[in-house]
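K.L.:
I have a structure I would like to understand better, so I am pasting it below and will then ask my questions one at a time.
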Amino acid sequence: MLSASERRTLSDTIKEVEAKTDAEVVTVLARQADNYLYISTLWAAFLALLLAPLFQFLPWWLEYQQAFTLQWILFIALAVVFRWRPLTMRLVPKRVKFWRAANLARRQFLQQELHHTKDRLGLLIFVSVAEHYVEILADRGLAEQITNERWQEIVENFIREVKKGKTSEAFVHCVEQCGELLEEAAPATIAKNELPNHLVVL
């Protein structure tokens, strides 16, 4: 996560960008889009159920009550172990992680009121750390002028920098690159600041 000084730098960058455009930029950083406990619990239950067919290969006989108790112990033990976040994230399918992160990004777009900006010029830069997910969401006023391909180029640059461990620099560079497109598509005509410039941390 970003330190206080890094957040201030990012906030200052957003102010500089917004001074040159009528668009509004909001940045959101989420530690994770979901706790995925239901998936880790399902894995624990599945593996515990697999234990039953293996009982016939044991060198000793187990009574029904003993087998049932053993399954419950295994289920509880696995459910606890699988709650360790690094392990949980490995158990979650990539498609599910991206779906949850994309869903949170869209909820944040609405919650941060980017759809209420004048002339529909809101822009969300969303990052979910646990899912390694980055997305830029532009409201209608910007989407009509800037293609998804241009946003995707910025996202790919962002991801490359994050993989190098430069999360703070990646955020700043992303805002600056977005600013260039915003200045071209919606140059500043009036001084305004409809939405907060600080990084929103979830």
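K.L.:
Restricting to the range 180-202, and then to whatever is in contact with a helix residue (DSSP H, G or I) (Cβ under 9 Å, 6 or more places away or on another chain) and among the polar types (S, T, N, Q), can you tell me which residue is modelled with the lowest pLDDT?
P.N.:
ASN193
K.L.:
A follow-up question, please. Quick check on my filter: what residues within the range 1-28 are among the charged types (D, E, K, R) and surrounded by fewer than 19 Cβ atoms within 10 Å (Cβ to Cβ)?
P.N.:
GLU6, ARG7, ARG8, ASP12, LYS15, GLU16, LYS20
K.L.:
Every residue in the range 131-146 that is farther than 14 Å from ALA105 by Cβ and either open to solvent by less than 70 Å² (accessible area, probe 1.4 Å) or under 17 Å from the mean Cα position of the chain (by Cα) (or both), please.
P.N.:
GLY141, LEU142, ALA143, ILE146 - these are the residues of the range 131-146 that are farther than 14 Å from ALA105 by Cβ and either open to solvent by less than 70 Å² (accessible area, probe 1.4 Å) or under 17 Å from the mean Cα position of the chain (by Cα) (or both).
K.L.:
Is there any pair linking a residue in the range 1-14 that is closer than 9 Å to THR27 by Cβ to one that is open to solvent by less than 10 Å² (accessible area, probe 1.4 Å) and not in a loop (DSSP other than H, G, I, E, B), with Cβ under 6 Å and at least six apart or on different chains, and which?
P.N.:
LEU10/PHE171; ILE14/VAL25; ILE14/VAL175
K.L.:
Step by step: first the residues of the range 56-85, then only those that are of a type in the set (Val, Ile, Thr) and under 15 Å from TRP43 (Cα atoms), then the one that is modelled with the lowest pLDDT. Which residue is that?
P.N.:
So the first thing to find is which residues in the range 56-85 are of a type in the set (Val, Ile, Thr), and the list is 69, 73, 76, 80-81.
Those left that are additionally under 15 Å from TRP43 (Cα atoms): 73, 76, 80-81.
Details: ILE73: 83, ILE76: 87, VAL80: 88, VAL81: 88.
Of everything passing the filter in the range 56-85, ILE73 is modelled with the lowest pLDDT.
K.L.:
I've got another one for you. Give the number of residues within the range 98-121 that are open to solvent by 40 Å² or more (accessible area, probe 1.4 Å) and either assigned to a helix (DSSP H, G or I) or farther than 30 Å from GLY179 by Cα (or both).
P.N.:
Going residue by residue through the range 98-121, those that are open to solvent by 40 Å² or more (accessible area, probe 1.4 Å) are 98-100, 103, 106-107, 110-111, 113, 115-116, 118-120.
Now narrow it down to the ones that are either assigned to a helix (DSSP H, G or I) or farther than 30 Å from GLY179 by Cα (or both): 98-100, 103, 106-107, 110-111, 115-116, 118-120.
Matching residues across the range 98-121 total 13.
K.L.:
Every residue in the range 16-38 that is aromatic (Phe, Trp, Tyr) and over 17 Å from the mean Cα position of the chain (by Cα), please.
P.N.:
Within the range 16-38, TYR38 is the sole residue that qualifies.
K.L.:
Just one of the numbered conditions (1) without any contact (Cβ under 8 Å) to a residue 24 or more places away in the chain; (2) within 15 Å of GLU176 (Cβ to Cβ) is not true of PHE158; which one?
P.N.:
That leaves (1) as the condition not met.
K.L.:
Among the numbered criteria (1) under 30 Å from ALA143 (Cα atoms); (2) open to solvent by 20 Å² or more (accessible area, probe 1.4 Å); (3) modelled with pLDDT under 85; (4) in contact with a Leu (Cβ under 7 Å, 6 or more places away or on another chain), which single criterion is violated by ARG31?
P.N.:
It fails just one condition, (3).
K.L.:
Check THR88 against each of (1) closer than 20 Å to LEU199 by Cβ; (2) at pLDDT below 90; (3) surrounded by 16 or more Cβ atoms within 10 Å (Cβ to Cβ) and name the one condition it does not meet.
P.N.:
Among (1) closer than 20 Å to LEU199 by Cβ; (2) at pLDDT below 90; (3) surrounded by 16 or more Cβ atoms within 10 Å (Cβ to Cβ), the lone unmet condition for THR88 is (1).
K.L.:
Pull up the range 136-179, narrow it to residues that are assigned to a loop (DSSP other than H, G, I, E, B) and not aliphatic (A, V, I, L, M), then point me to the one that is modelled with the lowest pLDDT.
P.N.:
Filtering the range 136-179 for residues that are assigned to a loop (DSSP other than H, G, I, E, B) and not aliphatic (A, V, I, L, M), the one modelled with the lowest pLDDT comes out as GLY165.
K.L.:
Out of GLU161, GLU156, report the one residue that is surrounded by fewer than 20 Cβ atoms within 10 Å (Cβ to Cβ) and in contact with a Cys (Cβ under 9 Å, 6 or more places away or on another chain).
P.N.:
It is GLU161.
K.L.:
Of everything in the range 173-202 that's touching a Leu at 6+ places or on another chain (Cβ under 6 Å) and farther than 16 Å from THR147 by Cα, which residue is surrounded by the most Cβ atoms within 10 Å (Cβ to Cβ)?
P.N.:
My answer is LEU199.
The values are calculated or read from the model by the stated rules, or taken from the named source; none is laboratory data. Since the structure is predicted, the reported quantities are computational estimates derived from the model, not experimental observations. FYI the Cβ positions are ideal-geometry reconstructions off the backbone, even for glycines, and counts take in every protein chain you see. Areas reflect the complete protein model, heavy atoms only, side chains present, ligands, DNA and RNA absent. Shrake-Rupley method; radii C 1.70, N 1.55, O 1.52, S 1.80 Å.
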